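A.B. asks: Here you go, one structure.
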Amino acid sequence: MSRMNLGVNIDHVAVLREAREVNDPDILEALYVACQSGADQITIHLREDRRHIQDSDVTNIMMHSKLPVNLECSINKDILNIVCKVKPHRATLVPEKREEVTTEGGLDVEGSKEQIAYAIEQLHDSIIPVSLFIDPTPTAVQISKEIGAEMVELHTGTFANLFAMLHSNLGYSNHSIKELQLPRYELSSRLEKSLEELKNAASQANKLGLEVAAGHGLNYHNVHEIMKIEEIVELNIGQSIIARSVFTGLKEAIKEMKKATTR
Ligand code: PXP
């Protein structure tokens, strides 16, 4: 068996908490459960708009986590200063747009090469290894190596969307995707192409000495396809795990409340 680490992204626990501006659910409880349940890593994203994870969450998680913490962040100067101060086990640089619902694609490593290289330098000065969240293209992998990243995380969002459209109702599919109109044979060939791109990017990165992770939109239905790519040694998964936990946990939660409200 070859190594595959599971990074559990707990941002969505904070999404639920922020929706009511209370401390419930408690992010540290999510951290504890993840540690107890076999997660290999905790992944969180400190967004510039602080829509879920807050600065205090980062500090608390760093203080209490028995697992390595993978901190996703943009190359914004203020955010990088925080990251350099809290020293996570790894920083994953991701693109960020205020208006997006979630990260929409990989970094523009070609167009923003100098800025990303400078961010990597700053993180390295603070002894923080760096992963770059990139689209699975030969250029993105090559530039990631050139500018000094230790790892790349391949964006699996396109693959996940196509997979969901082809196997309708099997989870993840971005509502705004226009390809919903495409005939099945076209979806099928696009899905194959997206998997081929992921395989080639993983192999290229591995040959260049980069560690390879993958993430975005992975779920209980599509993850087996990604597991076939040997060079990928880490997956970061959030939405599908937290979504599944609602239904694996809802029965128990209702039972507990029923008990508390029975005279
Ligand atoms: N990896 C990166 C770089 C991400 O930005 C995200 C989303 O925060 C994930 C993985 C997890 O994606 P999902 O929530 O779709 O599993």
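A.B. asks: Could you order the peptides 120-131, 150-161 from most to least packed, using the average number of other C-beta atoms within 10 Å per residue?
C.D. replies: With the highest mean Cβ count within 10 Å placed first, the list reads 150-161, 120-131.
A.B. asks: Let me ask something else about it. Check which residues have an amide H placed less than 5 Å from Arg90's amide H, if you skip close sequence neighbours.
C.D. replies: The list, which skips near neighbours in sequence, is Val69, Leu71.
A.B. asks: Ordered by residue, what ³J(HN,Hα) values in Hz, to whole numbers, does the stretch 129-141 give under the Karplus form 6.51 cos²θ - 1.76 cosθ + 1.60, where θ = phi - 60° and Gly and Pro are x?
C.D. replies: x, 10, 10, 10, 7, 10, 6, x, 10, x, 5, 5, 5
A.B. asks: Report, by chain and number, residues whose modeled amide H sits under 5 Å from the one on Arg47, excluding near sequence neighbours (fewer than 5 apart, same chain).
C.D. replies: Excluding prolines and chain starts, which carry no amide H, the hits are His52, Ile53.
A.B. asks: Something else about it: For a Förster distance of 22 Å, can you work out the FRET efficiency between the beta-carbons of Ser112 and His89, rounded to the nearest 0.05? Let's see the in-between values first.
C.D. replies: Working: r = 25 Å, r/R0 = 1.11.
Once the sixth-power term is evaluated, E becomes 0.35.
A.B. asks: For an R0 of 25 angstrom, estimate the FRET efficiency from the Cβ-Cβ distance between Arg20 and Ile82 and round to the nearest 0.05.
C.D. replies: In this case the efficiency is close to 0.50.
A.B. asks: Pull up the cross-link candidates among the lysines for Lys77, meaning alpha carbon to alpha carbon under 19 Å and not fewer than 8 places away within one chain.
C.D. replies: Filter leaves Lys85, Lys87, Lys97, Lys113.
A.B. asks: Please work out, to two decimal places, the log10 of the ratio I(q)/I(0) at q = 0.16 Å⁻¹ from a Debye calculation in which every Cα of the stretch 18-84 carries one identical scatterer.
C.D. replies: Summing over Cα pairs of the stretch 18-84 leads to -0.56.
A.B. asks: Sticking with this one: Near the amide H of Ala214, under 5 Å away, which other amide H atoms are found, from residues 5 or more places off or on another chain, if H is placed in the peptide plane?
C.D. replies: Sorted by chain and number, the residues that satisfy this are Leu154, Glu234, Leu235, Asn236.
A.B. asks: Moving on. Report the FRET efficiency, 1/(1 + (r/R0)^6), for Val33 and His221, where r is their Cβ-Cβ distance and R0 is 30 Å, rounded to 0.05.
C.D. replies: It comes out at approximately 0.85.
A.B. asks: With Cβ to Cβ distances under 14 Å as the rule, what net charge do the other residues near Lys259 carry (K, R +1; D, E -1)?
C.D. replies: +2
A.B. asks: Ordered by packing density, taken as the mean number of other Cβ atoms within 10 Å over each peptide's residues, highest first, how do 240-246, 211-217 rank?
C.D. replies: On the way: 240-246: 15.7, 211-217: 24.9.
Put in order of decreasing packing, that is 211-217, 240-246.
A.B. asks: Leaving out ligands, DNA and RNA, what percent of the accessible area of the chain is carbon and sulfur, probe 1.4 Å?
C.D. replies: Working: 7560 of 14300 Å².
It is 53 percent, rounded to a whole number.
A.B. asks: Using only the alpha carbons of the chain, determine the length spanned along each of the three principal axes and report them from longest to shortest in whole angstroms.
C.D. replies: 66, 49, 41
A.B. asks: On average, how much accessible surface per residue is there in the chain, in Å², for a 1.4 Å probe, leaving out ligands, DNA and RNA?
C.D. replies: 54
The values are calculated or read from the model by the stated rules, or taken from the named source; none is laboratory data. What you see is a predicted model; the values in this text were computed from it and never measured. Glycine gets a Cβ as well: all are built from the backbone with ideal geometry, and neighbour counts include every protein chain shown. Only protein heavy atoms, including side chains, enter the accessible area calculation; ligands, DNA and RNA are left aside. Shrake-Rupley method; radii C 1.70, N 1.55, O 1.52, S 1.80 Å.
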